[in-house]
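One structure is given below, encoded as structure tokens.
The values are calculated or read from the model by the stated rules, or taken from the named source; none is laboratory data. Given the structure is predicted, the values throughout are model-derived calculations rather than measurements. Glycine also receives a Cβ, built like all others from the backbone with ideal geometry; neighbour counts cover every protein chain displayed.
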Amino acid sequence: MNNPELVVTIITTVLTIVSALLGFLATKNEKVKRYYKRYVEIEKLVKELCVIAEANYKNGDQKKKYVISSINTFLTENNIEFDIGLIEDMIESI
């Protein structure tokens, strides 16, 4: 397994654990359920956008800007309020 595959595997595992924890908490509260669904949807989109950014950009700042601007567009189009800090943390973990 080469280095990028190892990184993707580790990141996917970490994000899966976070998703599982949020899923457990989601059973406790309806508001948390909606947040969890948004989180999972945004997490999936961030992963996809990071792969696209890796293929198209060389500089880390450019990759991050691409992902953040694309996520902001998605959030605006779907009238979703989500903490940008969490999105930046997702990007950094990937």
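Residues that are without any contact (Cβ under 8 Å) to a residue 12 or more places away in the chain and surrounded by 13 or more Cβ atoms within 10 Å (Cβ to Cβ) were ranked within region 55-71; the one that is farthest from the chain's Cα centre (by Cα) is TYR57. Taking the conditions (1) touching a Ser or Thr at 6+ places or on another chain (Cβ under 9 Å); (2) surrounded by 13 or more Cβ atoms within 10 Å (Cβ to Cβ); (3) within 15 Å of MET90 (Cβ to Cβ) in turn, TYR35 satisfies each one other than (1).
Could you please find all residues in region 34-75 being polar (S, T, N, Q), over 30 Å from PHE24 (Cβ atoms) and part of a helix (DSSP H, G or I)? Correct list: ASN56, GLN62, SER69, THR73. With respect to the conditions (1) farther than 27 Å from PRO4 by Cβ; (2) modelled with pLDDT of 90 or more, GLU30 falls short on a single one, namely (2). Select from region 1-24 the residues that are hydrophobic (A, V, I, L, M, F, W, C), in a helix (DSSP H, G or I) and either loosely packed, with under 13 Cβ neighbours inside 10 Å or at positive phi (or both) and list them in ascending order. Of everything in region 1-24, those that are hydrophobic (A, V, I, L, M, F, W, C), in a helix (DSSP H, G or I) and either loosely packed, with under 13 Cβ neighbours inside 10 Å or at positive phi (or both) turn out to be LEU6, VAL7, ILE10, VAL14, ILE17, ALA20, LEU21, PHE24.
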